[in-house]
1. Sort the following peptides by mean Cβ neighbour count (other Cβ atoms within 10 Å, averaged over residues), highest first: 61-67, 75-81.
2. With θ set to phi - 60° and the Karplus curve 6.51 cos²θ - 1.76 cosθ + 1.60, what are the ³J(HN,Hα) couplings of the stretch 48-57 in order, to the nearest whole Hz, using x for Gly and Pro?
3. With a 1.4 Å probe and all protein chains in place, put Thr73, Thr115 in order of accessible area, largest first.
4. When the solvent-accessible surface of protein heavy atoms is calculated with a 1.4 angstrom probe, in what order do Glu128, Glu60 fall, highest first?
5. Per the 1.4 Å probe, what fraction of the accessible area of the stretch 26-66, in percent, lies on carbon and sulfur atoms?
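The values are calculated or read from the model by the stated rules, or taken from the named source; none is laboratory data. Values in this document were obtained by computation on a predicted structure and should not be read as measured data. Glycine also receives a Cβ, built like all others from the backbone with ideal geometry; neighbour counts cover every protein chain displayed. Side chains are part of the model used for accessible areas, which takes the heavy atoms of the whole protein and leaves out ligands, DNA and RNA. Shrake-Rupley method; radii C 1.70, N 1.55, O 1.52, S 1.80 Å.
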Amino acid sequence: MRARSLANLMDADSALAGLTAHAGRLLRLQRAYENAVPLALARYGRVANLKLGKVVIHAENGAVAAKIRQLATRLTDVFCQCGVQVSEIQVKVQPDPTRDPNSGPFVGATMDDGTKDGISRLAEELPEDSPLSIALRRLAATARLKR
């Protein structure tokens, strides 16, 4: 039996060929999305589906979803330029299950010594397991000092 490429095998089966074509359209839309929005937004949104002219975009959180919704008209135009007829863009908040929640865009605040010490003291006054105390300790630990 001759070896055949994966692409040839997928094209030989009509169901797989349809799935391959759909995946290709989604990939084309994802690339167009990434080129049409700011980089910070592109990292936290992804084209999830296209069905009957409706593009579904998953956003990492509500803030990203709101910004993508503001850009819906622009994205519709960009997608149409890619040759895909789009009548609606639906944005859903759907965090990426593979993303580490602690590896988000937060890179540390810039503050002076007095501010950092004040935040640390406040965190110590709160119950150790309180969400606010945990957040304040994290903020103080990752803060960069102003020069």
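1. Packing order, densest peptide first, comes out as 75-81, 61-67.
2. 9, 6, 9, 8, 6, x, 9, 9, 9, 10
3. The ordering from most to least exposed comes out as Thr73, Thr115.
4. Sorted descending by solvent-accessible area, the residues read Glu128, Glu60.
5. 58
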